[in-house]
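In what follows, a structure is listed as structure tokens, so that the remarks can point back to it.
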Amino acid sequence: MTIAAMPDRAKITPQSESENGASAALPGLAMDPRKLLYMVTAIEQGSLSKAAKKLSISQPALTKSMDRLEHELGMQLLTRTPTGIIPTPLGELVYSHAKLIRDEIDLAETRLRADSAATNVVTVGTLPSIASRVLPLAVARWKAQVPNVMLRVIERRQVDLLLGLFRREFDFVIAQTEFFDIFPEGLKQRVLFRDRLCVFARPDHYLFGLVEPSWADLARFPWVSPMIGWHQRAVFEKLVEAEGVPPPQQFIECGSIEFTKTLVAESDHLALLPAHSTIVEVKEGSIKVLPITFPALKRNIAVIFRETAPLNDMHRDFIAHLEAVGKELCTE
């Protein structure tokens, strides 16, 4: 990222100002974008000398820049220690916003390079559950036909996939069609296959000794679940609510499919996972499906893309392989 090209100063002031340009309640804050970006690097490097080297400027110049930024804002942002620097609480606040500026500039540069370069690159966003088995098998078939195309696969939760799609971080995403009963305008989707969520436990779990385990029985045991905002978590919360059952008291939050499967196999933890993501473990006998069903345990998996960026032939060929693999693995 080229920081030197940033404008010298962006003045941020409240709407109500006195005649001398300062607010009666709060002085206007004059923020130099270049200094903010310098501060981001300094905090991330943990040292002004390391940051100066990374920014290709002298340490005295960087130190002076940080001193001026603190003076302009009228607050201490960095604490100098014998081993380096650490942000103050106010410095953490400013850093969280300044980092977003840096990330947006990086994204703009990436998009400009991508638009100007004639490269065969496909960037796909996907749910972790799809990336565990369906997507790798589809990629293997597709790459056999187009070995010279670079593929980027990025795992994220549903809401972050949609946001990334709007930000043009992906060519398209593979995700579910339902998400809190909303679907953002400007996006199109096509259902590829329908998968099924199952409750998994280790084969010798106590629950397999029950004739018809209920959700009340399941709620007595610890669970490993994706974090709030992930589809499986939302489904699970709706299930226990519909059954009038209090949620489990012991929860581990994790977005990793591999971590979840291993923990279930080695403990009394239960988990809600797509059946296709556990095919290998079920065959090996390390985990097993509990005999409990519910309509909400099925979901549509779709390709989602921007209306302004329709799929090209290479994208459609990739998606055709994904659809075929998904239907093969999810046939009931």
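The values are calculated or read from the model by the stated rules, or taken from the named source; none is laboratory data. On a predicted model such as this, the values are computed, not experimentally measured, just so you know. We place every Cβ from the backbone using ideal geometry, glycine too, and count neighbours over all the protein chains shown.
Taken over the range 142-174, residues that are in contact with a Lys or Arg (Cβ under 9 Å, 6 or more places away or on another chain), crowded, with 20+ Cβ neighbours inside 10 Å and part of a strand (DSSP E or B) amount to 2. Given the criteria acidic (Asp, Glu) and farther than 24 Å from Pro128 by Cβ, does Glu307 qualify? So Glu307 passes the test.
Beta carbons closer than 8 Å, at least 6 apart along the sequence or on distinct chains, never pair a first residue in the range 143-162 that is within 14 Å of Gly255 (Cα to Cα) and not assigned by TED's automatic domain parsing to the domain that holds Ile174 with a second that is in a strand (DSSP E or B) and of a type in the set (A, V, I, L, M). Filtered by the rule that a residue be β-branched (Val, Ile, Thr) and under 22 Å from Phe166 (Cα atoms), the range 84-110 gives Ile101, Ile105, Thr110. The residues in the range 181-221 that are under 16 Å from Gln158 (Cβ atoms), touching a helix residue (DSSP H, G or I) at 6+ places or on another chain (Cβ under 8 Å) and without any contact (Cβ under 8 Å) to a residue 40 or more places away in the chain can be counted, and the count is 1. Among the candidates Thr260, Thr308, single out the residue that is over 23 Å from Leu137 (Cα atoms) and either outside the structural domain of Val173 (by TED's automatic domain parsing) or more than 20 Å from the chain's Cα centre (by Cα) (or both). Testing whether each residue is over 23 Å from Leu137 (Cα atoms) and either outside the structural domain of Val173 (by TED's automatic domain parsing) or more than 20 Å from the chain's Cα centre (by Cα) (or both) leaves just Thr308. Residues in the range 276-308 that are part of a loop (DSSP other than H, G, I, E, B) and at pLDDT below 95: Leu290, Pro291, Ile292, Thr293, Phe294, Glu307, Thr308.
Look at Ile85 and say whether it is in contact with a strand residue (DSSP E or B) (Cβ under 9 Å, 6 or more places away or on another chain), surrounded by 13 or more Cβ atoms within 10 Å (Cβ to Cβ), in a helix (DSSP H, G or I) and at pLDDT 90 or above. Spelling it out, it is not the case that Ile85 is in contact with a strand residue (DSSP E or B) (Cβ under 9 Å, 6 or more places away or on another chain), surrounded by 13 or more Cβ atoms within 10 Å (Cβ to Cβ), in a helix (DSSP H, G or I) and at pLDDT 90 or above.
Answer yes or no as to whether Leu311 is within 22 Å of Gly164 (Cα to Cα) and modelled with pLDDT of 95 or more. No. Just wondering, is there one or more residues in the range 262-274 that are farther than 24 Å from Gly209 by Cβ and out of contact with any helix residue (DSSP H, G or I) (no Cβ under 6 Å at 6 or more places or on another chain)? No: the range 262-274 contains no residue that is farther than 24 Å from Gly209 by Cβ and out of contact with any helix residue (DSSP H, G or I) (no Cβ under 6 Å at 6 or more places or on another chain).
Looking only at residues in the range 187-235 that are in contact with a strand residue (DSSP E or B) (Cβ under 9 Å, 6 or more places away or on another chain), assigned to a helix (DSSP H, G or I) and modelled with pLDDT of 90 or more, the one that is nearest to Glu328 (Cα to Cα) is Phe208. Scanning the range 33-74 for residues that are at pLDDT below 90 and not in a helix (DSSP H, G or I) yields a single hit, Gly74. Does Val139 satisfy the criteria of being at pLDDT below 85, assigned by TED's automatic domain parsing to the domain that holds Ala320 and surrounded by 13 or more Cβ atoms within 10 Å (Cβ to Cβ)? So Val139 does not fit the description; no.
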